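Student: Handing you a structure now.
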Amino acid sequence: MNMQTRRNHEESGFTLIELLIVMSIILILATLAIPAMQKTVKKANETSAISSLRDLNAQEGTYSSTYPTHGFSCTLAAMGGKADAGAPTAEAAQLIPEDLATGNKAGYMFAITNCTKVTVNNQDQYTGYQITAVPNTVGKTGDRGFCTDGNEIHYDPKGGTNCTELLQ
């Protein structure tokens, strides 16, 4: 081999040091990007939970006016139901999407609690409710818990259901 061919042969490709430097840079960038991405995901989950609570409040009003003898719904399943399962009923009103009706959406668990009821003509009628949304894993899927009673949305900064602070 002449000298020119040997030099071209030696200069083709990357050295191990160059590859290690590139990999180190990629790891540093990933280390910086992952926490920022997790923070963005938590914020998106919280925003989704707030939006879902607003939707649930609106659908509680629809449910109450559609089924006045029942009043409000006291379960998410009663506001859910598949559209292809037949006509809506008080037990499956088809007002909310299936993921929300199961109580788990976008990293949050939803529940209707603290239902108040009266009995009229041997029929229970729900006159009040509270809907809660808490993170599946506090600190990972969300930081705050949210609650509503149909009027305003409050939150718990610790992720639970002790919602004392008004959402601004």
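The values are calculated or read from the model by the stated rules, or taken from the named source; none is laboratory data. What you see is a predicted model; the values in this text were computed from it and never measured. Backbone-built Cβ (ideal geometry, glycine too); neighbour counts: all protein chains shown.
Student: Note down all Cβ pairs under 6 Å where the first residue falls in the stretch 15-38 and is acidic (Asp, Glu), the second is not in a helix (DSSP H, G or I), and they're at least six residues apart or on different chains.
Tutor: none
Student: Which condition number in (1) touching a residue at least 40 places away in the same chain (Cβ under 8 Å); (2) out of contact with any Ser or Thr (no Cβ under 9 Å at 6 or more places or on another chain); (3) exposed (fewer than 12 other Cβ atoms within 10 Å of the Cβ); (4) polar (S, T, N, Q) is the one that residue 65 fails?
Tutor: (1)
Student: Kindly indicate the residue of the stretch 100-127 that is assigned to a loop (DSSP other than H, G, I, E, B) and of a type in the set (S, T, N, Q) and also nearest to residue 50 (Cα to Cα) among those meeting that condition.
Tutor: So the residue we want is 102.
Student: Please count how many residues of the stretch 129-144 are over 20 Å from residue 74 (Cβ atoms), assigned to a strand (DSSP E or B) and touching an Asp or Glu at 6+ places or on another chain (Cβ under 9 Å).
Tutor: 2
Condition check ((1) surrounded by 14 or more Cβ atoms within 10 Å (Cβ to Cβ); (2) in contact with a Lys or Arg (Cβ under 6 Å, 6 or more places away or on another chain); (3) free of Cβ contacts under 8 Å to residues at least 40 places away in the same chain) across all residues:
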{"site": "12", "(1), (2), (3)": "no, no, yes"}
{"site": "51", "(1), (2), (3)": "no, no, yes"}
{"site": "55", "(1), (2), (3)": "yes, no, no"}
{"site": "80", "(1), (2), (3)": "yes, no, yes"}
{"site": "105", "(1), (2), (3)": "yes, no, no"}
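Student: A further question on this structure: Where residues in the stretch 52-99 are aliphatic (A, V, I, L, M), assigned to a loop (DSSP other than H, G, I, E, B) and under 19 Å from the mean Cα position of the chain (by Cα), which of them is farthest from residue 122 (Cα to Cα)? Write out each step before concluding.
Tutor: Going through the stretch 52-99, the residues aliphatic (A, V, I, L, M) turn out to be 53, 56, 58, 76-79, 83, 85, 87, 90, 92-93, 95-96.
Next, from what is left, pick out any that are assigned to a loop (DSSP other than H, G, I, E, B): 87, 90, 92-93, 95-96.
Remaining after also requiring under 19 Å from the mean Cα position of the chain (by Cα): 95-96.
Details: 95: 26, 96: 28 Å.
Within the stretch 52-99, the match that is farthest from residue 122 (Cα to Cα) is 96.
Student: Looking at 126, 108 in this structure, which one is in contact with a Cys (Cβ under 8 Å, 6 or more places away or on another chain) and either farther than 22 Å from residue 74 by Cβ or at pLDDT 90 or above (or both)?
Tutor: It is 126.
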